[in-house]
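Every read-out reported here was derived from the displayed coordinates using simple, explicitly stated rules and does not represent laboratory data. If you're wondering where the values come from, they're calculated on a predicted model, not measured in any experiment. Every residue, glycine as well, gets a Cβ built from its backbone with ideal geometry; the counts of neighbours run over all protein chains shown.
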């Protein structure tokens, strides 16, 4: 009697982390933007980003939202005694407005929880610097919305 042993190759799938601010050929204006702001929202990038946000109504229709201002977010953080370790430029205002568009009134019931969400997002101890900005770039790429970097300089 002959025994036949069949082995299957071990398949290893390497995790590839894509940095959405990395390009084979990085647009010059993006390189300049990153050199000035790092992976964070300046005022102009923030204004562009929130101009593309909307809230979905109960009937499923898109509704415009009024973005939070940087000053309003700073006031809310102060009101609820939240201090951020990693609040760069307009990142907190972006996170607040994104939360308002997607979660406020649902899984985030009040502005008190909204500021806690901002803290959890920006001060995530195992999150990479610029994670929120990187995620926004990924969303814009996925949605096919070109980012006018030259307007943010």
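Going by average Cβ neighbours within 10 Å, how do the peptides 97-108, 124-135 rank, with the highest at the top?
Highest to lowest by the protection proxy: 97-108, 124-135.
Using only the alpha-carbon atoms of segment 28-152, report the extent along each of the three principal axes, biggest first, to the nearest angstrom.
So the extents along the principal axes, rounded to whole Å, are 42, 37, 27.
How far is the Cα center of segment 26-58 from the Cα center of segment 76-153, in Å?
What the calculation gives is 11 Å, centre to centre.
From the mean inverse distance of alpha carbon pairs (Kirkwood) and the Cα radius of gyration, derive Rg over Rh for segment 67-121.
Rounded to two decimals, Rg over Rh is 0.91.
Ranking 136, 142 by Cβ neighbours within 10 Å, fewest first, what do you get?
Ordered by Cβ neighbours within 10 Å, fewest first: 142, 136.
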